[in-house]
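Report on the following structure.
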Amino acid sequence: MGSIRLENISNSIIYLGPCSTSCYLENCHNNIICISSHQFRIHNTTNTHLYVKCNSHPIIEDCLGLGFANYSMLYYENIENHIKVCVVNVYMCI
C-alpha cells in the first residue's frame, strides 16, 4: 500500500499490511488497529489500541486513551517480504 487514511471509524478491528509511506488516523474511537508504516499520524482519536511498526516516532495530537504495542498480531504469507519492499521504497524516495 502507498498510504492509508482512516477517518471517522468507531468500534472496529482493522488489520492492515505494510504501508510504504504514511498512515493517518483522525476521529477514530474504540478501535483495535494493526499497521506497519514509515510515518504514523494520529489526531482526535480516543480509546484505541494500536499495534504498530513505524520507522519514526508517531505524531499524536488531541488524543486520549491510546494504547501501543508491537506490530505482531498480523501474520500472513509473505508479510516479511512486504515489509522489506516498503522499507526499500521509502529509502528510494528520500
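The values are calculated or read from the model by the stated rules, or taken from the named source; none is laboratory data. Quantities reported herein were computed from a predicted structural model and do not represent experimental measurements. Please note: Cβ atoms are built from the backbone with ideal geometry, for glycine as well, and neighbour counts cover all protein chains shown. Keep in mind that these areas ignore ligands, DNA and RNA; they rest on the heavy atoms of the full protein, side chains included. Shrake-Rupley method; radii C 1.70, N 1.55, O 1.52, S 1.80 Å.
Here the extension length gained between ARG41 and HIS29 equals 2.8 nm, from 0.36 nm per residue of separation less the Cα-Cα distance. Full extension of the chain between ASN81 and ILE60 yields a length gain of 4.7 nm, computed as 0.36 nm times the residue separation minus the alpha carbon distance. Taking only protein heavy atoms and a 1.4 Å probe, the accessible area of region 11-62 is 45% carbon and sulfur.
Normalised by the number of residues in region 1-52, the mean separation of alpha-carbon contacts (under 8 Å, six or more apart) gives a relative contact order of 34 percent.
Could you pull out which residues in region 5-45 have an amide N less than 19 Å from a spot 7 Å beyond the Cα of ALA69, following the Cα-Cβ vector? Counting backbone N atoms under 19 Å from the label point, the list is 11-18, 29-37.
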